[in-house]
Amino acid sequence: MRKADYLIIGQGIAGTMLSWHLLQAGKKVIVIDDAKPNSASRVAAGIINPVSGRRFEPAWMYDQIYPVAKNTYQQLSDLLQVPVFTERALWTVFPSAQMRDAFLTKTTGNEYTELPAALKYETFLDQPYGAAVVNGATVNLRFLLPAYRRYLQVQEALLETHLDVNALEISPEKVIYKDITADKIIFCDGVGTTALPFFKEIKFLPNKGEVLLVKIPGLETADIIKKGITLVPQENGLFWAGSSFVWDYENDLPTAKQREVLEKSLAQLLKAPYEVVEQLSAVRPSGNDRRPIVGFHPSFPAIGLFNGLGTKGCSLAPFMAAHFRDVLVADAPLMPEIDVQRYF
Ligand SMILES: Cc1cc2nc3c(=O)[nH]c(=O)nc-3n(C[C@H](O)[C@H](O)[C@H](O)COP(=O)(O)OP(=O)(O)OC[C@H]3O[C@@H](n4cnc5c(N)ncnc54)[C@H](O)[C@@H]3O)c2cc1C
């Protein structure tokens, strides 16, 4: 029998962050991940944005979560020797005069935003109402996830397989899965949780996002550019252009309809030609109240959940994983706003 303190299911950003914080606390973890190519974390752009939504409200708990995110990603960058974290400007193009006024009202005096002295990108962008600069960041998930996976492999802490939920034996004090015994199993399986028998009470509102990878000849920048659609520079000279939100979908694959929607948004932003190289899609694991969903099953305390990261996995995961580690290893009280008990 292999023994672990925690059996973690999923190595998206949730499982990566939780396993990392638990390993740092000296715990033994085994991570099981089936490497789904279009999981949310593998398709996401990794943007960390201090303002959210169309109304430019400050993002929830941003002042607390951002320093933890920055510190954790920098630690992992040093450990794994890959560039994980980049602070970047979000060049936010106003789509209308009203949106510009809303932005100015909501963010005047806000340390994360400023108005540029002059407009940039005039040959590429259609920006009659001007633009603002928002100081955010990106997490390079395409580097972080595989590099951390190799780290887990070296620690003999990764099983690359699909968890067969029917093979789990759960008792109040422990979990047995084939030849593994652990004190707790923690599901970090993103939208996979919606198919589990344990958490049917949770009101998930999973939503699908589609993305284009595009070439924009001549456009060279480290900024994120945003106006309805968001352009994020990639390491290979391409731009990640996304993303759509669809609540009613047949499957998690790319569609012609969303390609059309994305291309329409690109046409509204760009004056310059572009070429689509690839289309990607994935489903975001969101709860109905858009808060993380963390904690323990009320009847099976050996089953835990770290989920519901919605549209903000990269900014939320490091802080929430560190908090959940404190709950798991130091009996800290779980924040009620994120406690899965709210659904039971
Ligand atoms: C198009 C799009 C753009 C996005 N852009 C951003 C962004 O810019 N910034 C941001 O912060 N967030 C963004 N998000 C949201 C972000 O992707 C999610 O919040 C985050 O990835 C959720 O991470 P997770 O680890 O909970 O789930 P996932 O990333 O879905 O990871 C779950 C993992 O579990 C594995 N798994 C599932 N079931 C099993 C099983 N039974 N056995 C073994 N393994 C299993 C999967 O292979 C996967 O690796 C975006 C999402 C989408 C779809």
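For Ile180, which sequence-distant residues (separation of 5 or more, or a different chain) have an amide H within less than 5 Å of its own amide H, given hydrogens modelled in the peptide plane?
Those qualifying (amide H under 5 Å, at least 5 residues apart or on another chain) are Arg2.
Using the Karplus equation 6.51 cos²θ - 1.76 cosθ + 1.60 (θ = phi - 60°), what ³J(HN,Hα) coupling, rounded to whole Hz, does each residue of segment 182-188 give in order, writing x for Gly and Pro?
Per residue, the Karplus-derived 3J(HN,Hα) values read 9, 5, 9, 10, 10, 7, 10 Hz.
For segment 181-199 and segment 267-281, what is the separation of their C-alpha centers, rounded to whole Å?
Using only Cα atoms to place each centre, the spacing works out to 37 Å.
What are the residues whose amide H is under 5 Å from the amide H of Leu159, where those residues sit 5 or more places off or on another chain and H is modelled from the backbone?
Val31, Ile32, Asp33
Where does the chain land at 222 nm, in deg cm²/dmol rounded to the nearest 500, when only DSSP H runs of n ≥ 4 count, each adding -39500 (n - 2.57), divided by all residues?
On the way: 7 runs with 92 residues, N = 344.
It comes out at -8500 deg cm²/dmol, rounded to the nearest 500.
Residues with amide H under 5 Å of Ala282's amide H, sequence separation 5 or more or different chain, H placed in the peptide plane at 1.01 Å from N; which?
Under 5 Å from the amide H of Ala282 lie the amide H atoms of Gly209, each far enough along the sequence or on another chain.
Quick one: what are the phi-derived ³J(HN,Hα) couplings along segment 206-222, Karplus 6.51/-1.76/1.60 with θ = phi - 60°, whole Hz, x for glycine and proline?
x, 9, 8, x, 10, 9, 10, 9, 10, 9, 10, x, x, 7, 10, 7, 9
Measure nothing fancy, just the Cα-based angle from helix 141-154's long axis to the longest principal axis of the chain, in degrees from 0 to 90, nearest 10.
Computed tilt is about 20 degrees.
Please work out the Cα center distance from segment 35-105 to segment 112-143, rounded to the nearest Å.
Taking the Cα centre of each part, segment 35-105 and segment 112-143 sit 13 Å apart.
Kindly write out, for segment 243-255 in residue order, the coupling ³J(HN,Hα) from the Karplus curve 6.51 cos²θ - 1.76 cosθ + 1.60 (θ = phi - 60°), rounded to whole Hz, with x marking Gly and Pro.
For segment 243-255, the Karplus curve yields 9, 8, 10, 9, 8, 10, 9, 7, 8, 9, 9, x, 10 Hz.
Between helix 62-80 and the chain, what is the angle of the helix's C-alpha long axis to the longest principal axis, kept within 0 to 90° and rounded to the nearest 10?
Rounded to the nearest ten degrees, it is 70.
Please go through segment 14-97 and write out the trypsin sites (Lys or Arg not before Pro) that DSSP classes as loop and that have at most 11 other C-beta atoms within 10 Å.
Arg54, Arg55
Enter the mean projected area of the convex hull around the alpha-carbon atoms of the chain, in nm², rounded to one decimal.
Details: hull surface 70.0 nm².
Spelled out: convex hull of the Cα atoms, projected over all directions, averaged, 17.5 nm².
Could you name the lysines in cross-link range of Lys120, using Cα to Cα under 18 Å and dropping any fewer than eight places away on the same chain?
Lys226, Lys227, Lys271
Quick one: angle between helix 313-330 and the longest Cα principal axis of the chain, in degrees between 0 and 90, rounded to 10, please.
20
For a quick check, take a GNM of the chain with Cα springs below 10 Å and name the residue from Pro197, Pro301, Pro58 with the largest mean-square fluctuation.
Highest fluctuation among the options: Pro197.
Which residue, Ser39, Ser315, Ser299, has the most motion in a Gaussian network model of the chain that connects Cα atoms within less than 10 Å?
Ser299
Send over a whole-number figure in Å² for the accessible area per residue of segment 96-188, probe 1.4 Å.
Result: 53 Å² per residue.
Compute the separation of the alpha-carbon centres of segment 216-255 and segment 311-344 and state it in Å as a whole number.
That distance is 29 Å.
Take the solvent-accessible surface of the protein heavy atoms, probe 1.4 Å, and return the percent of it on segment 129-253 that carbon and sulfur atoms account for. Please report the intermediate quantities before stating the final value.
Working: 2950 of 5710 Å².
Answer for segment 129-253: carbon and sulfur cover 52 percent of the accessible area.
Running a GNM on the chain with Cα contacts under 10 Å, which residue among Leu266, Leu115, Leu280 ends up with the highest mean-square fluctuation?
Sorting by GNM fluctuation, first place goes to Leu115.
The values are calculated or read from the model by the stated rules, or taken from the named source; none is laboratory data. Just so you know, these numbers come straight off a predicted model, no measurement behind them. Methodologically, a virtual Cβ is constructed for each residue, glycine included, from the backbone with ideal geometry; neighbour enumeration extends over all protein chains shown. Quick note on the areas: whole protein, heavy atoms, side chains included, nothing else; ligands and nucleic acids left out. Shrake-Rupley method; radii C 1.70, N 1.55, O 1.52, S 1.80 Å.
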